[in-house]
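Just below is one structure, and these are the notes that go with it.
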Amino acid sequence: MSNAMWGGRFAEGPDAVLEAINASIDFDRRFYAQDIRGSKAHVAMLAATGVVSQEDAAAIAEGLDQVLGEIESGRFTFSRALEDIHMNVESRLAEIVGPAAGRLHTARSRNDQVATDFRLFVRDALDALGLSLLRLQQALVEKAEKHAGDVMPGFTHLQSAQPVTFGHHLLAYVEMIGRDRGRLADARKRLNESPLGSAALAGTSFPIDREMTAKALGFDRPTANSLDAVADRDFALETLAAASICAGHLSRFAEEIVLWSTPQFGFIRLSDRFSTGSSIMPQKRNPDAAELVRGKTGRVVGALVGLLTVMKGLPLAYSKDMQEDKEGLFDALDTLDLCIAATAGMVTDMTPDVAAMRRAAGAGYATATDLADWLVRALGMPFREAHHVTGRVVAAAAERKVALEKLPLEVMQEIEPRITEEVFGVLGVRNSVRSRTSYGGTAPANVRRQAARWRRTLAKQLSGLEKKA
């Protein structure tokens, strides 16, 4: 038999294969709360504008509340034959309130309905992700403050470059995640327009009040073009793009955790809570949580590429291809949220080996730039000349297999006679990091100020979010 919701034009029901490829209820049932919320706002508006009676609107609203209760309690039976969450809810509503349920779909299409539900869902997800990222920042800041003065090697090309502090390194990720939160907030701001009332693609001839439904659903305004409202998914694409950048940041940090926890680096130790063992090698401690954060980034980026591919060739307005907009996004946002939680757990859990980091910080002649800077400041030497002299001093130290600060003064003076004992005041790794006092530099005093600033900022932001909630 044909579908009771739209089957008037059809004498036969769909083939089983069409039903299988067409149904979305297996994944879009996650919209149930947003769908019912949108329907209640819609029917309240229909009653306010006189399109439906107050009695029918009240019955519909009461019936929708019952449907919501049934779904949340697990008593609701979802049907693939009814295709999606919208038809499943409407079908059950008809069983509860009778023919009046048929008035709910007046001045509305599934096209604007799903676009509204989707925006509501993504908006809720963005709010949750923003809060999770804020708590990750707090974990990083707390660890950074504790280790603001602990020296570690800074790398370029994964080669020892200059000493930094562990706190400074962690604060780099606080900055990155702050921008991630900004991108998610920007995506939320742009998506916060209501498609409801755009109907299938051209609007409706009923005297609806789109401003009323937009306000009821917490949108800033109704969408200005009915075609655009139902046809585009740039809000989902922008969300996935922001999520992909964020996942990339988490992946980079996860890679560093993997490296730092190896015996070859030995910078940190993860507890049993975030490590696993080997089925054959009893000595192994594998940083599986970090590896999975790194690996799952591919799923987030893949969802973005998938949706870009779906949308790239679609004419206006709605096409059923757009049903493919949800599964990837659901998976990507779930994955990102899990990765954020895992990263926050590892940050809180990790124990840095301060002595090992300090030893490594002095390897590879990491204070060579400090020597070059001293030659410029103390001797007035052009930096390029200072660079050349420093290279010769490093070569002399390497030949003798000693650190720069252990190289005898007379050896340095053979290369540049004007070098004095004062040079040793800049060559140790602690002296090096203390000297990096430029704004944004790694000097421990800088790190403590930046960490304190972030701690105050995040506490204020969290308080604001809690008040809104």
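The values are calculated or read from the model by the stated rules, or taken from the named source; none is laboratory data. All figures in this text were calculated on a predicted structure; none of them were measured in a lab. Note that we place each Cβ from the backbone using ideal geometry, even for glycine, and neighbour counts take in every protein chain shown. Calculation scope for accessible area: heavy atoms of the full protein, side chains included, ligands and nucleic acids excluded. Shrake-Rupley method; radii C 1.70, N 1.55, O 1.52, S 1.80 Å.
Observations on the model:
- All of GLY218, GLY182, GLY248 fail the test of being modelled with pLDDT of 95 or more and more than 22 Å from GLN137 (Cβ to Cβ), apart from GLY218.
- The one condition in (1) surrounded by fewer than 21 Cβ atoms within 10 Å (Cβ to Cβ); (2) over 23 Å from ARG119 (Cα atoms) that GLY69 fails to fulfil: (2)
- The residue pairs whose first member lies in the stretch 416-438 and is charged (D, E, K, R), whose second member is assigned to a loop (DSSP other than H, G, I, E, B), and whose beta carbons are closer than 7 Å, counting only pairs six or more residues apart or on different chains, are ARG434/ALA443; ARG436/THR442; ARG436/ALA443.
- When ASP353 is tested against (1) over 30 Å from SER275 (Cα atoms); (2) in contact with a strand residue (DSSP E or B) (Cβ under 7 Å, 6 or more places away or on another chain), exactly one condition is not met: (1).
- Scanning the stretch 257-271 for residues that are hydrophobic (A, V, I, L, M, F, W, C), closer than 15 Å to MET152 by Cβ and in contact with a helix residue (DSSP H, G or I) (Cβ under 8 Å, 6 or more places away or on another chain) gives ILE257, PHE265, PHE267, ILE268.
- All positions within the stretch 368-386 that are under 18 Å from ARG436 (Cβ atoms) and either outside the structural domain of ILE415 (by the TED database) or open to solvent by 30 Å² or more (accessible area, probe 1.4 Å) (or both): THR369, ASP373, VAL376, ARG377, ALA378, PHE383
- Evaluating ALA361 against the criteria (1) small (Gly, Ala, Ser); (2) surrounded by 17 or more Cβ atoms within 10 Å (Cβ to Cβ); (3) farther than 21 Å from PHE166 by Cβ leaves one unmet condition, (3).
- A single entry from ALA101, ALA81 fulfils the requirement of being in contact (Cβ under 8 Å) with a residue 24 or more places away in the chain, open to solvent by less than 10 Å² (accessible area, probe 1.4 Å) and small (Gly, Ala, Ser): ALA101.
- In the stretch 249-272, the condition of being small (Gly, Ala, Ser), assigned to a helix (DSSP H, G or I) and farther than 30 Å from ALA361 by Cα is met by no residue.
- Test: residue in the stretch 319-340 that is open to solvent by less than 30 Å² (accessible area, probe 1.4 Å), outside the structural domain of SER251 (by the TED database) and either over 23 Å from ALA144 (Cβ atoms) or of a type in the set (Gly, Ala, Ser) (or both): no
- The residue list ALA303, ALA341 contains one member that is outside any loop (DSSP other than H, G, I, E, B), closer than 20 Å to ASP28 by Cβ and either in contact with a Leu (Cβ under 6 Å, 6 or more places away or on another chain) or of a type in the set (Gly, Ala, Ser) (or both), which is ALA303.
- Within this structure, GLY391 fails the test of being free of Cβ contacts under 8 Å to residues at least 40 places away in the same chain, over 22 Å from ALA161 (Cβ atoms) and among the small types (Gly, Ala, Ser).
- Helices (runs of 4 or more DSSP H) (entirely within the stretch 351-469) containing at least 2 residues that are acidic (Asp, Glu), farther than 30 Å from SER271 by Cβ and more than 45 Å from the chain's Cα centre (by Cα): 383-400, 409-415
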